[in-house]
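K.L.:
My structure is below; once you've seen it, I'll send some questions.
Each reported figure results from applying straightforward, stated rules to the coordinates on display, with no laboratory input. Computed from a predicted model, the values in this text were never measured in an experiment. Reconstructed Cβ throughout: ideal geometry from the backbone, glycine too, with neighbour counts over all protein chains shown.
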Amino acid sequence: MEDRTDTLSRNADTDRDETHNLIASDKVDGTTVHASDGDKIGHISHVMLGKRNGRVEYAVMSCGGFLGMGEEYRPVPWDALEYDVDEGGYTLKSDKSRLPDAPSYERDREPEWDRDYGNTVYSYYGMTY
């Protein structure tokens with residue numbers, strides 16, 4: 001039989017991980033990304049936060065590959081994604097046909113996350129950095 005301490009502990013873990021409007025970053029990692037037509041196009045590998053402002057700047061989407069081989073990473077501005085409750089994942093607000101030409105990099109070849117790179121990524125998705 002579960003006692004009150006176990007119940008409170010379990011509820012505290014749930015509350016810490018997710019609320020109606022908030023989600024823990026470790027729960028975002030691995031979340032599926034869909035195109036607007038519902039096709040699965042990748043998953044969130046990790047998020048990049050601004051050190052000074054604390055905001056999520058990018059979601060790095062993992063696409064393609066098999067067992068880690070040939071996988072590409074595409075930084076996507078956080079505002080170019082929208083959470084879809086029905087899909088249980090994020091939807092890219094951009095046409096998926098543009099994805100093959102989007103800024104990307106391979107494992108262990110991360111770009112220099114500087115202002116110029118930010119401008120390149122954001123402008124590709126029609127946004128201002």
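K.L.:
Show which lysines lie in cross-link reach of K96 when reach means a straight Cα distance below 27 angstrom and same-chain residues fewer than eight apart are skipped.
P.N.:
K27, K40
K.L.:
For labels at K27 and W78 in the simple 7 Å Cα→Cβ model, what's the distance in nm?
P.N.:
Taking the simple label geometry, K27 and W78 are separated by 1.6 nm.
K.L.:
Quick one: Karplus J couplings for region 89-95, per residue in order, coefficients 6.51, -1.76, 1.60, θ = phi - 60°, nearest Hz, x for Gly and Pro?
P.N.:
x, 9, 10, 6, 7, 10, 5
K.L.:
Please list, in chain and number order, the residues 5+ apart from H43 or on another chain whose amide H is under 5 Å from its amide H, with Hs placed from the backbone.
P.N.:
Under 5 Å from the amide H of H43: V33, S62.
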